[in-house]
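**Q** My structure is below; once you've seen it, I'll send some questions.
The values are calculated or read from the model by the stated rules, or taken from the named source; none is laboratory data. Keep in mind that what you see is a predicted model, and the values were worked out from it rather than measured. For neighbour counting, all protein chains shown are included, and Cβ atoms are generated from backbone atoms with ideal geometry for every residue, glycine included. Remember, those area values only see protein heavy atoms, side chains included, never the ligands or the DNA or RNA. Shrake-Rupley method; radii C 1.70, N 1.55, O 1.52, S 1.80 Å.
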Amino acid sequence: MPMSRLTTRRSAMKLGAAAAALPLVHIRSAGAAGKLSFGFWDHWVPEGNAVMKKQVDAWADKNKVEVQTDFITSVGNKLLLTASAEAQAGAGHDIMAFVEWDAHNNADKLLPVDDLMKRLTDKYGEPDKVSQYLGRAKDHWFAVPTSSGSQNKPPCARISMMKNYCGMDVQAMYPASENSGEAAAAWTWDALATAAEKCQKAGYPFAMGLGQTTDSVDAIGALFAAFGADLIDGEGKIQVHSDNVRQVLEYSQKLVKFLPDDAVSYDDASNNRALIAGKSALIFNPPSAWAVAVRDAPDVAKDCWTFSAPAGPKGRFVPHQTYFWGIWKFSQNQSAAKDLIEYLLQREQVEARDNVVQGYDLPPFPSMNDFKIWETVEPPKGTVYNYPIRSWHKAEPSVSGSSASPDVAVQMYNRGTMPTMLAKLKSGQSIKDVIAWASDELEGFTR
Amino acid sequence: MSNASGLAGAAIAQAPARVRSGGSGMRRFMRQRSTIALLMCLPLILMIALLIVYPAIYAIYLSLMNKKMTRFVGLGNFTFLLRRDTFQLVLFQSCLFAITAVVLKAVIGFILAHLMHNIPSRNQRIWRGLLLVPWVIPLAMSTLTWWWMFDPTYSAFNWVLNQFGFKSIPWLGVGWTARFCTIAVNVWYGTPFFMIMYLAALKSVPEQLYEAAAIDGANAVQKLFLVTLPMMRNIISITVLFSLIVTFADFDIVRILTAGGPQDLTHVFATYAFQVGIQSGDIPLGASVSLFMLPILAVAAYFVLRGVNRRSREMAA
């Protein structure tokens, strides 16, 4: 039959009416509610990315939003460089992951997220102090602290070496269960120096770095915090000549003698390698070093125990690194971006991700520090039970230089001022010279 | 009347001729070698403008702003930097790094080029290929290999030293040793470039000049200083200038080997600019650090290139 015979006037009118009515019908397809792109931190545990993608896809499917997920490595500062480039260009992902100070550095380009934070804090309580310090400016939240990548860097020690060379039972001091914490009271920076000396004499020095990378800066920052040694106060005044600073330097003059000769050139992998190779009795690190040892040096892994940082005259401070998720102001789909972040920070999502990454990620809300994963991870069982801060630890998370405002502290942090002060002591410089050097440096940061 | 009509007629007659001459002028312009050259270079010129000139101008603009990038501060960032002890250290280290590395690369490259020049051509190809390897491998990769060899804990060099009963050396942990290591890696990487440039220059020196010098009784040293070096002056100048600029801007080697440590003793402009500008969020100050050598290098480039041009004209004449 010829085609022209099929197209009658009536059928053409029906087709036209149907076509005109088409936009009125709400078709829920994959991208019906718009598009989003999310620049995640590329987790060092490969399964960490997979579970995140799964959660994002589930949300995207339910909300009919087309979400593009990119996992950007922090190796070689790629995550930092990507965020900096997007900030300058005013284009890129809608949501971006930021490490520690990077969110604050871009605060004026990020969308305030007070409403989202209110909903989360109403449900889960206030986030930890470091998250509040780094995620807020002028009483506004500009980025949401996330669990993905957030970590503590407490001591991780060899159980046998601490017992044999120092007479210290770290498992009894920090057991894998709730307790009064009385045994832990003796774990001070003085005790650490004594143990460091004994282990160094035994040929297994504490692999604490004095370089300018984050592990060194975080650990030495916790030491300064424990002595109340603020280099710059909240008003921007230089406090390097204070008694507390002198006190921490006098202590450090003893400690640095027991650290490895190459500690001044440590990077973030040096301490891990020292532990995994069986050359060190203690490092300050998240459980990544232990996790690699499980694979590469099982005997070392079985002998590792993570516990809280030592206490000083002003308290016990655990080095902490927070990751954030921020929404750029140039994002075209801001409400969907907030919804997605809120979904990903629900307790069940955070726990599901944490189970996959063996408890490496720490939730920003202390109310979530009771996940079962930290009790069950092994070997030995309970090895990372004390990785999150427990109430009986009587400890606080700390970020180096946080006595000063973030725009000043970030310079102290990235220039590695505190570990460099100790590196100078190790090279034989006097406390007076070190203070004079630091004073000049700090003056530059407060301009 | 007749006169006027005659002029008008002449004008009408000339009009098509003018059009014709305009068209042929355009054709002539398009046929000129310089026009063709310009057109062929245009894509590259546009690319350079987009990827080099624009970022350079933007960097200059940034360097004149305050930390928050909200206010123009003139040369404030530069004067601030000059007052800082750490920056003075960076300035010293950058000059030490660039000048020492370039001098060593030039000398070693010159020696290698001469040795290579005197190897029979069949074997020369093999040696030339082998010696070019450091320059061909991606710098980040080869520097990582060097880093493993200098590694504080598991250094291959220290293993060798220990085998002979010597103590380990913290290669990257002590100021002058770390400086030596960064310079050594730069020399290792950059020498093949000098070698290949000098080899090309050596091959272009006419053999008759050496024969004439030999007839005049010149010895090897005299031939070197009175024939070879004068004939290579242009290549040497350009190579040294190019290498000086690239070495002053080096980032990879220092970043991978020491990240500027220990105690800032190995920082060069690029690594310090990255730390100050990107990592610490002070982009204008970082831009100022990276632009610090621009005027000095620009002046050096002007004089070197002027000398090259003058010598080229003399030789052509």
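**Q** Which helices of chain B meet both criteria: a Cα extent of 24 Å or more along the helical axis and a mean Kyte-Doolittle score no lower than 0.0, with helices taken as whole DSSP H segments?
**A** Values: long enough: B:2-31 (43 Å, -0.15); B:85-117 (47 Å, 1.59); B:175-204 (43 Å, 0.84); B:229-248 (27 Å, 1.73); B:294-316 (32 Å, 0.49).
Going by DSSP H runs, the hits are B:85-117, B:175-204, B:229-248, B:294-316.
**Q** Still on this model: Under a 10 Å cutoff between Cα atoms, tell me which one of A:Ala193, A:Ala281, A:Ala436 has the largest fluctuation in the Gaussian network model of chain A.
**A** Maximum among the listed residues: A:Ala436.
**Q** Right, something else. Suppose every Lys and Arg Cβ carries +1 and every Asp and Glu Cβ carries -1, with no other charges. What dipole size does the protein assembly as shown come out with about its Cα centre, to the nearest 20 debye?
**A** Details: 71 positive and 61 negative charges, 723 e Å.
Taking the Cα centre of the protein assembly as shown as origin, the dipole is about 3480 debye.
**Q** Which of rounded, prolate, oblate describes chain B, given a ≥ b ≥ c as roots of the alpha-carbon gyration tensor eigenvalues and a/c under 1.5 marking rounded, otherwise prolate only if a/b is larger than b/c?
**A** Details: a/c = 2.81, a/b = 1.43, b/c = 1.97.
Because a/c hits 1.5 or more and a/b fails to exceed b/c, chain B counts as oblate.
**Q** When only the heavy atoms of the protein chains count and the probe is 1.4 Å, how do A:Cys199, B:Cys41 rank by accessible area, highest first?
**A** Values: A:Cys199 0, B:Cys41 65 Å².
Most to least solvent-accessible, the answer reads B:Cys41, A:Cys199.
**Q** Same structure again: Got a number for carbon plus sulfur as a percent of the protein assembly as shown's accessible area, 1.4 Å probe?
**A** Numbers: 22600 of 36210 Å².
Roughly 62 percent of what the probe reaches on the protein assembly as shown is carbon or sulfur.
**Q** Would you give the gap between the C-alpha center of the stretch A:111-138 and the C-alpha center of the stretch A:279-348, rounded to a whole Å?
**A** Distance between centres, Cα-based: 18 Å.
**Q** So if we plug the beta-carbon distance of B:Met47 and B:Leu209 into 1/(1 + (r/R0)^6) with R0 = 41 Å, what FRET efficiency do we get, rounded to 0.05? The partial results should precede the final answer.
**A** Values: r = 41 Å, r/R0 = 0.99.
With a Förster radius of 41 Å, E is 0.50.
**Q** Compare B:Ala259, B:Ala287, B:Ala300 in a GNM of chain B, Cα atoms joined below 10 Å, and give the one with the largest fluctuation.
**A** B:Ala300
**Q** Give me the percent of DSSP beta bridges within chain A that run antiparallel, rounded to the nearest 5. All intermediate terms of the calculation are to be shown ahead of the outcome.
**A** Details: 22 of 35 bridges.
The antiparallel fraction comes to roughly 65 percent.
**Q** Another one. Mind checking how much accessible area A and B bury in total, 1.4 Å probe, in Å² rounded to 100?
**A** Details: alone 19350 and 19750 Å², together 36210 Å².
What A and B bury together is about 2900 Å².
**Q** Positive end of the charge dipole of the protein assembly as shown (Lys, Arg +1 and Asp, Glu -1 on Cβ, about the Cα centre): tell me which of A:Tyr266, B:Phe80, B:Gly261 has its Cα farthest that way.
**A** Checked the options; the winner is B:Phe80.
**Q** Would you mind calculating the gained length between A:Asp190 and A:Asp243 on full extension (0.36 nm times residue separation, minus the Cα-Cα distance), in nm to one decimal?
**A** Values: separation 53, 0.36 × 53 = 19.08 nm, distance 1.77 nm.
Going from the current span to full extension adds 17.3 nm.
**Q** Taking 7 Å along the Cα-to-C-beta vector as the label spot, tell me the A:Ala89-B:Ile57 distance in nanometres, rounded to one decimal.
**A** Calculated label separation equals 2.0 nm.
**Q** Could you give the accessible area per residue of the protein assembly as shown, probe 1.4 Å, as a whole number in Å²? Walk me through the intermediate numbers first.
**A** Details: 36210 Å² over 764 residues.
I get 47 Å² per residue for this part.
**Q** List the residues of the stretch A:75-105 that lose 20 Å² or more of accessible area once all protein chains are present, compared with their chain alone (1.4 Å probe, heavy atoms only, no ligands or nucleic acids).
**A** Correct list: A:Asn77, A:Leu80, A:Leu81, A:Ser84, A:Gln88, A:Asn105.
**Q** Can you list the aspartates and glutamates whose alpha carbon is less than 17 Å from that of A:Lys198, not counting same-chain residues fewer than 8 positions off?
**A** Candidates past the 8-residue exclusion: A:Asp169, A:Asp190, A:Asp261.
**Q** Using modelled backbone amide H atoms (1.01 Å from N, in-plane), which distant-in-sequence or interchain residues come within less than 5 Å of A:Thr188's amide H?
**A** Counting only residues 5 or more places away or on other chains, the set is A:Ala311.
**Q** Here's something else I'd like to know. What fraction of the DSSP beta bridges in the protein assembly as shown is antiparallel, stated in percent and rounded to the nearest 5?
**A** Details: 23 of 36 bridges.
Beta bridges within the protein assembly as shown, antiparallel portion: roughly 65 percent.
**Q** Here's another thing I want to ask about it. Once you've got the Cα coordinates, tell me which of A:Lys53/A:Lys338; A:Lys424/B:Lys68; A:Lys118/A:Lys153; A:Lys123/A:Lys372; A:Lys109/A:Lys129; A:Lys153/A:Lys279 are over 25 Å apart.
**A** Values: A:Lys53/A:Lys338 17 Å; A:Lys424/B:Lys68 32 Å; A:Lys118/A:Lys153 28 Å; A:Lys123/A:Lys372 20 Å; A:Lys109/A:Lys129 23 Å; A:Lys153/A:Lys279 19 Å.
Check vs 25 Å cut-off fails for A:Lys424/B:Lys68; A:Lys118/A:Lys153.
**Q** Further question on the same structure: How much mean residue ellipticity at 222 nm does chain B get from its helices, if each DSSP H run of length 4 or more adds -39500 (n - 2.57) and you divide by all residues, to the nearest 500 deg cm²/dmol? Provide the component values of the computation, followed by the final result.
**A** Details: 16 runs with 239 residues, N = 317.
Calculated at 222 nm, the ellipticity per residue is -24500 deg cm²/dmol.
**Q** While we're looking at this one, here's another question. Report, in whole Å, the centroid distance computed from the Cα atoms of the stretch B:203-244 and the stretch A:359-406.
**A** Comparing the Cα centres of the stretch B:203-244 and the stretch A:359-406, I get a distance of 70 Å.
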